[in-house]
């Protein structure tokens, strides 16, 4: 009971602090038409992004009913409490190929018409390398992957494995949304691997372009 109370209190505090900080950011959005096209078609989307950009992504995509795959450790439990306040659902599991457990719940979520989201290099990395779970889910469910990246002009980057980024107050924050990736049904392992590399390449192109923008 005490643990639940503590997590709930920390989640509420995290929500308040993020709200205060994020309301000062100035957004610059590229590729929004790629999202809008899927939204107009009312297609459930599989959002794909890097673990280190959780904070800004949580605020940007808030209140859309997106279900997020979070890890089963304590960090994942805390993240779940915070994102619930921003209008997200959560499914506990892993993005690694061997851990299909988390993606099973997301299949039901997509079938119900809701969106889902992956930090595709989480929960422990390697950084900027896509794990297999997201492409398996896209192939099985027949729903598109929407890669996006968020980068701040001025930010605090932590020395964690994912180089977790917290945009500073009043910073410009850039959002880049790539074209969706569609997968055929029940693809063999070698094609899933090709699609995994395609997604990884798309996300890293977005990241590299945004990093050049931030440095400039």
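The values are calculated or read from the model by the stated rules, or taken from the named source; none is laboratory data. The model shown is predicted, which means the values in this text are computed figures rather than measured ones. All Cβ positions, glycine included, derive from the backbone under ideal geometry; neighbour counts span all protein chains shown.
Of the residues making up the range 43-63, just one is more than 20 Å from residue 203 (Cα to Cα) and at pLDDT below 95, namely 43. Pairs, please: C-beta under 6 Å, at least 6 apart or cross-chain, first residue on the phi > 0 side of the Ramachandran plot and in the range 100-115, second modelled with pLDDT of 80 or more and surrounded by 13 or more Cβ atoms within 10 Å (Cβ to Cβ)? The qualifying pairs are 113/44. In the set (1) within 27 Å of residue 159 (Cβ to Cβ); (2) modelled with pLDDT of 95 or more; (3) crowded, with 16+ Cβ neighbours inside 10 Å, the condition left unmet by residue 24 is number (3).
Keeping to the range 134-146, report how many residues are farther than 21 Å from residue 65 by Cα and in contact with a helix residue (DSSP H, G or I) (Cβ under 6 Å, 6 or more places away or on another chain).
First pass over the range 134-146, keeping only residues farther than 21 Å from residue 65 by Cα: 135-136, 139-140.
With in contact with a helix residue (DSSP H, G or I) (Cβ under 6 Å, 6 or more places away or on another chain) added as a condition, the list becomes 135.
Residues meeting the conditions: 1.
Residue-wise test of (1) modelled with pLDDT of 95 or more; (2) over 20 Å from the mean Cα position of the chain (by Cα); (3) outside any loop (DSSP other than H, G, I, E, B).
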residue	(1), (2), (3)
166	yes, no, yes
174	yes, no, yes
183	yes, no, no
186	no, yes, no
191	yes, yes, yes
195	yes, no, yes
198	yes, no, yes
202	yes, no, yes
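Number of residues in the range 73-112 that are assigned to a loop (DSSP other than H, G, I, E, B), at pLDDT below 75 and under 16 Å from the mean Cα position of the chain (by Cα) equals 4.
Filtering the range 120-130 to residues that are modelled with pLDDT of 90 or more and either assigned to a helix (DSSP H, G or I) or surrounded by 15 or more Cβ atoms within 10 Å (Cβ to Cβ) (or both) leaves 120, 121, 128, 130.
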